[in-house]
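I have placed the structure first, in the form of structure tokens, so that the comments after it can refer back to it.
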Amino acid sequence: MVDSHAVVVGAGIGGLSAALALHRHGWRVTVLERAPDMREVGAGLSLMANAVRALDALGLGPALRRGGHGEAPGGIRNRHGRWLSRVDASEMVRQLGTTALGVHRATVHRTLREALPASSLHTSAAVEHVESGPDRAEVRYQGPDGPHTLSADLVVGADGLRSRVRAQLWPQHPGPVYAGSTTWRAAIAFADPVPAAISWGPGAEFGMVPIGDGQLYWYGALNAPPGGHAPDELAAVRERFGDWHDPIPALLAATPPDVVLRNDIHYLAVPLPSYVRGRVALLGDAAHPMTPNLGQGAGQAIEDAVVLGAVCASGAEEVPAALAAYDELRRPRSQSVARASYVAGRFGQQLHNPIAFAMRNIALRLTPGRVALRSMARYADWRPPAG
Ligand SMILES: Cc1cc2nc3c(=O)[nH]c(=O)nc-3n(C[C@H](O)[C@H](O)[C@H](O)COP(=O)(O)OP(=O)(O)OC[C@H]3O[C@@H](n4cnc5c(N)ncnc54)[C@H](O)[C@@H]3O)c2cc1C
């Protein structure tokens, strides 16, 4: 293959996965990250079977299985701890070929970084402008020592929710909107065995996921106006979830206040008409920011990366055709996952009308486990392209 060079904007899980996928197919990659150091802000992640398969395709499945926790049987409870729906983990493995994985975000980020040549990663590099011509694309960025311009065969916009690349190439697009919920999350030391499970109260959800090495990730989500902040976020979580079922009070008691993160949830209410402009492709949250209700945002970003690497396998000369294939393979699936995630949030975490809430819970209790599993498998049952 001729020297094929890709510039990746953003070193989140999506950007690093894209860089690795291209690197494994023989591309030279330059990753530009505006933060002064390479790190992943955030606590834990649930990676569904599709994401685990995509990580397998990047050669990182074994390391991340060792660094995380294959999720134990769980399901959905009410705030008093009564099970509404249980997941049969062995049946899930039988159907999907792998468990889901609970893992610390920092572990995923570090594992991706370590698989890339250190010389490809550039921090304090804030991209300001991206332009695509027929044969080359150009990226202008501010580096630690002043402005730079790079020319490349391919540019990947993996710059997250507030993507500058998206705004520049699709200037008419309205951008992300508030989904109606705020979240708190933390990764803590908690060695007692806990099932990966979620619990629902009216307009509220609490989730817990073991992430290996005696650590656990919890989150709380609540219907709320946007932009809220509390002087003590842990106290705010205790106020809303502190009287929920065990072990939630114990998890909150084991949480140091300074590890609690708070984020409002945003998504693209208007899906993008394309993920591609010329030699520029969007990926991950830059392309399809979604609500976290199906635990699929990072999973979709990693899938994007694997597919991008596969379609670009023959190098720089085929980029326009490769990106057309990328758009066709990725946009319908990721946008339908985003839509399903939003709907799952409306009927799950966000449901607060007492009658609708009670009816939903009864319906869940009456739904056979295999039907619940089938609806989960619908999005988790994905395989990387062959070859
Ligand atoms: C509360 C919550 C819980 C979630 N839980 C899960 C889950 O359990 N499972 C799951 O799969 N997903 C989950 N997600 C979604 C997941 O976190 C995201 O989908 C995923 O992290 C997106 O990765 P990304 O690389 O596309 O974007 P980001 O992680 O946002 O990375 C973008 C990077 O680009 C950099 N950047 C931005 N602008 C520029 C610029 N101009 N120049 C250079 N660099 C730039 C940023 O600094 C950042 O490092 C959750 C999300 C939230 C909010």
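Filter the range 300-322 down to residues that are open to solvent by 20 Å² or more (accessible area, probe 1.4 Å) and closer than 18 Å to residue 8 by Cβ and give me whichever is farthest from the ligand (Cβ to nearest atom).
The first filter runs over the range 300-322 and keeps only residues open to solvent by 20 Å² or more (accessible area, probe 1.4 Å), leaving 310-311, 313-314, 317-318, 320-321.
Going one step further and asking which of them are closer than 18 Å to residue 8 by Cβ, we end up with 310-311, 313.
Numbers: 310: 18, 311: 18, 313: 22 Å.
By that ranking, first place goes to 313.
Might you check whether a residue that is modelled with pLDDT under 95 and in contact with a Leu (Cβ under 8 Å, 6 or more places away or on another chain) occurs anywhere in the range 194-204? Yes, there is a match, as at least one residue in the range 194-204 is modelled with pLDDT under 95 and in contact with a Leu (Cβ under 8 Å, 6 or more places away or on another chain). Residues in the range 22-45 that are surrounded by 24 or more Cβ atoms within 10 Å (Cβ to Cβ) and under 21 Å from residue 289 (Cα atoms): 31, 32, 33, 44, 45. Of the set (1) within 24 Å of the chain's Cα centre (by Cα); (2) surrounded by fewer than 19 Cβ atoms within 10 Å (Cβ to Cβ), all apply to residue 129 but (1). In the condition set (1) at pLDDT 95 or above; (2) over 20 Å from residue 97 (Cβ atoms); (3) surrounded by fewer than 18 Cβ atoms within 10 Å (Cβ to Cβ), residue 59 is compliant with all but (2). One residue stands out among those in the range 92-112 that are more than 9 Å from the ligand (Cβ to nearest atom) and of a type in the set (Gly, Ala, Ser): the one that is farthest from residue 69 (Cα to Cα), which is 97. Take the conditions at negative phi and within 16 Å of the ligand (Cβ to nearest atom) and apply them to residue 89. Does it pass? No; evaluated as a whole, the condition is false for this residue.
Counting only strands (runs of 3 or more DSSP E) that sit completely within the range 174-285, those holding 3 or more residues that are hydroxyl-bearing (Ser, Thr, Tyr) correspond to 177-189. Applying a threshold of 7 Å to beta carbon distances and a minimum spacing of six or more residues, or different chains, the list of pairs starting in the range 161-172 at a residue that is without any contact (Cβ under 8 Å) to a residue 12 or more places away in the chain and aliphatic (A, V, I, L, M) and ending at one that is open to solvent by less than 50 Å² (accessible area, probe 1.4 Å) and more than 10 Å from the ligand (Cβ to nearest atom) reads 167/175.
Checked against the criteria, residue 220 counts as within 16 Å of the ligand (Cβ to nearest atom) and in contact (Cβ under 8 Å) with a residue 12 or more places away in the chain.
Taken together, 89, 19 contain a single residue that is more than 22 Å from residue 185 (Cβ to Cβ) and open to solvent by 10 Å² or more (accessible area, probe 1.4 Å), which is 89. Of all residues in the range 136-152, those that are within 14 Å of the ligand (Cβ to nearest atom) and either small (Gly, Ala, Ser) or within 18 Å of the chain's Cα centre (by Cα) (or both) total 1.
Please pick out the residue among 330, 262 that is open to solvent by less than 20 Å² (accessible area, probe 1.4 Å), in contact with a helix residue (DSSP H, G or I) (Cβ under 9 Å, 6 or more places away or on another chain), among the basic types (Lys, Arg) and within 14 Å of the ligand (Cβ to nearest atom). Spell out the reasoning first.
Working: 262 fails: open to solvent by less than 20 Å² (accessible area, probe 1.4 Å).
It is 330.
With respect to (1) under 19 Å from residue 266 (Cβ atoms); (2) crowded, with 18+ Cβ neighbours inside 10 Å, the lone exception for residue 343 is condition (2).
Within the range 21-49, the set of residues being touching a Gly at 6+ places or on another chain (Cβ under 8 Å), more than 9 Å from the ligand (Cβ to nearest atom) and within 30 Å of residue 214 (Cα to Cα) comprises just one member, 49.
Taking interchain pairs and intrachain pairs at least six residues apart, which have beta carbon atoms under 6 angstrom, with the first residue in the range 25-38 and of a type in the set (Asp, Glu) and the second open to solvent by 30 Å² or more (accessible area, probe 1.4 Å) and part of a loop (DSSP other than H, G, I, E, B)? If the second residue must be open to solvent by 30 Å² or more (accessible area, probe 1.4 Å) and part of a loop (DSSP other than H, G, I, E, B), the pairs left are 33/123; 37/123.
When 284, 369, 297 are checked against the criterion of being surrounded by fewer than 18 Cβ atoms within 10 Å (Cβ to Cβ) and touching a residue at least 12 places away in the same chain (Cβ under 8 Å), a single residue qualifies: 369. Beta carbons closer than 9 Å, at least 6 apart along the sequence or on distinct chains, pair a first residue in the range 113-127 that is more than 15 Å from residue 143 (Cβ to Cβ) and more than 9 Å from the ligand (Cβ to nearest atom) with a second that is in a loop (DSSP other than H, G, I, E, B) and small (Gly, Ala, Ser) for 113/11; 115/59.
Which residue, of 77, 65, is open to solvent by 10 Å² or more (accessible area, probe 1.4 Å), more than 15 Å from the ligand (Cβ to nearest atom) and outside any helix (DSSP H, G or I)?
Details: 65 fails: outside any helix (DSSP H, G or I).
Result: 77 is the single residue among 77, 65 that is open to solvent by 10 Å² or more (accessible area, probe 1.4 Å), more than 15 Å from the ligand (Cβ to nearest atom) and outside any helix (DSSP H, G or I).
For the range 153-168, a residue qualifies if it is more than 13 Å from the ligand (Cβ to nearest atom), not in a strand (DSSP E or B) and not acidic (Asp, Glu), but none of them does.
The values are calculated or read from the model by the stated rules, or taken from the named source; none is laboratory data. Since we're looking at a predicted model, the values are computed, not measured. Reconstructed Cβ throughout: ideal geometry from the backbone, glycine too, with neighbour counts over all protein chains shown. In case anyone asks, the SASA skips ligands and DNA or RNA and just uses the protein heavy atoms, side chains included. Shrake-Rupley method; radii C 1.70, N 1.55, O 1.52, S 1.80 Å.
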